[in-house]
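**Q** Quick one: this structure, given as structure tokens, is what I'll be asking you about.
Nothing in this text is a laboratory measurement; each read-out follows from the coordinates by a stated rule. Note that the structure is a prediction, hence the values are computed from the model and not measured. Every residue, glycine among them, receives a Cβ derived from its backbone with ideal geometry; neighbour counts consider all protein chains shown.
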Amino acid sequence: MVNKYARTLEEAGYAFAKDEKKHQAFVDHDIVAFSELLDFLNRGVEYQCAINAVVEQYRPIPGLVTR
């Protein structure tokens, strides 16, 4: 399920850190975002609405480099 959530979040505009081989590297910020997504889903929020809410809440900070 993590890959599905990550792919959908990324398609909606969420930015994950990636290494030189373009592999995702989940950081603490991402774990919190996943947790928030699961919380929305467990409360019965529609999947795409939950994705959009998480993307809006956890937008990347301009100029912040995550590695």
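**Q** Which one of Glu20, Glu46, Glu11 has the biggest mean-square fluctuation once the chain is modelled by GNM with Cα springs under 10 Å?
**A** With Cα springs under 10 Å in the chain, the top fluctuation among Glu20, Glu46, Glu11 is at Glu20.
**Q** Ok, one more. What are the ³J(HN,Hα) values, in whole Hz, obtained from phi via the Karplus relation 6.51 cos²θ - 1.76 cosθ + 1.60 with θ = phi - 60°, for each residue of the range 12-17 in sequence order, with x given for Gly and Pro?
**A** Ordered by residue, 3J(HN,Hα) equals 8, x, 6, 10, 9, 5 Hz.
**Q** Taking the simple approach of a point 7 Å from Cα along Cα-to-Cβ for both Ala15 and Arg59, what is their distance in nm?
**A** For the pair Ala15/Arg59, the computed spacing is 1.2 nm.
**Q** Per DSSP H run of at least 4 residues, take -39500 (n - 2.57); add these up for the chain, divide by its residues and hand me the 222 nm value, nearest 500 deg cm²/dmol. Don't jump to the answer; show the numbers that get you there.
**A** Numbers: 3 runs with 36 residues, N = 67.
Taking each H run of at least 4 residues, the total per residue is -16500 deg cm²/dmol.
**Q** Would you please name the chymotrypsin sites (Phe, Trp or Tyr not before Pro) within the range 1-53 that are DSSP coil residues with at most 15 other C-beta atoms within 10 Å of their C-beta?
**A** Qualifying residues, ordered by number: Phe26.
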